[in-house]
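Single-structure report; data block below.
Computed from the coordinates by the stated procedures, all read-outs in this text should not be read as laboratory data. These figures come from a predicted structure and were not determined experimentally. So basically every Cβ, Gly included, is an ideal-geometry build from the backbone, and we count neighbours across all protein chains shown.
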Amino acid sequence: MSTIAEAPVRHSLGPEALVRHPLGPAAVVRNCMTLAWRNLTHLRSNPVEIIGFAVVQPIMVIVLLVYVFGGAIAGDSHTYLQYALPGLIAQSAVMTVLTSGAGLNQDINNGVFDRLRSLPIARSAPLVGHLMGDMVRFFAGLIMLLTCGVIQGFELRTGPLKTLAALGLAAAFGMGLAWMSMLIGLLAKSATTVHLFSSVLLFPLTFGSNVFVKTDTMPGWLASWAEVNPISHEASAMRALMSGGRVGNSAYWTLGWAIGLTLVFAPLAIRAYRRRV
């Protein structure tokens, strides 16, 4: 009789009861890694995205920006490539992570996260797993862009350790921006809204910086903005770490922005995720 009486109670609790029990840190990490892998396996069913993201896009960025504008800006393409490539990597990092929110919004609207709620996993695992998967693709894109630049003649003058430090700096800043993008993806009603917000944010951050030209060629008001722009600090730090020169405070400013963005937007994104999902 006790078994028959307990059955309706279990049924009335629903699938939410399966995820209410506390999970250990190892289980939470395992859940996040599993969902990050799920995010990456989508690429196997869409090889066009892999080719476009990892091969075509880096080549187009270098060809269209360096070989079209290099002669006019720096006198020759090789000199401009040495200046521009670290900045182009910083720009590519911003462009890539700002799409995280659109992908998250699309998954939520398609009901993917609703299905994940019924599983006995950590509640934050889908959000963190989505971020981890995007960061793996993001870092792979940076490596491909750097590889294409080296093939075209970019000189790494500081050694592999400082080059990895430059990429790690870009990844840290990208993670902070990714949290902001995911917050917008959780608050927006459609992925189109997220793309619109990303475009509005992208242009003043990347074009109003020293990514493409030095700030001393800009009007005073624009140069003032470019000097405090976090993308300018990131590009300057990456140039010094890859091509040599004094890093100065650029790396500290970039790390400070990365930590600040994460501390502000990560809790807000997690709170918005719990409310929406």
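Among ILE73, ILE151, a tally of other beta-carbon atoms within 10 Å of each Cβ gives an order, fewest to most, of ILE151, ILE73. In order along the stretch 153-159, phi translates into HN-Hα couplings of x, 5, 9, 8, 9, 10, x Hz, rounded to whole numbers, per the Karplus curve 6.51 cos²θ - 1.76 cosθ + 1.60 with θ = phi - 60° and x for Gly and Pro. With the Kirkwood sum run over all distinct C-alpha pairs, the chain has a hydrodynamic radius of 20.4 Å. This ranking places LYS162, LYS214 by how few other beta-carbon atoms lie within 10 Å of each, fewest first, which gives LYS214, LYS162. The phi-based Karplus calculation (6.51 cos²θ - 1.76 cosθ + 1.60; θ = phi - 60°) puts the 3J(HN,Hα) values of the stretch 206-219 at 8, 7, x, 8, 8, 4, 9, 9, 6, 6, 6, 8, 9, x Hz, whole numbers, x for Gly and Pro. Taking every C-alpha pair closer than 8 Å and separated by at least 6 residues, the mean separation divided by the residue count of the chain gives a relative contact order of 26 percent. For the chain, the longest principal axis of the C-alpha atoms and the axis of helix 160-187 are separated by about 50°. Over the stretch 174-257, the alpha carbon radius of gyration divided by the compact-protein estimate 2.2 N^0.38 Å works out to 1.25.
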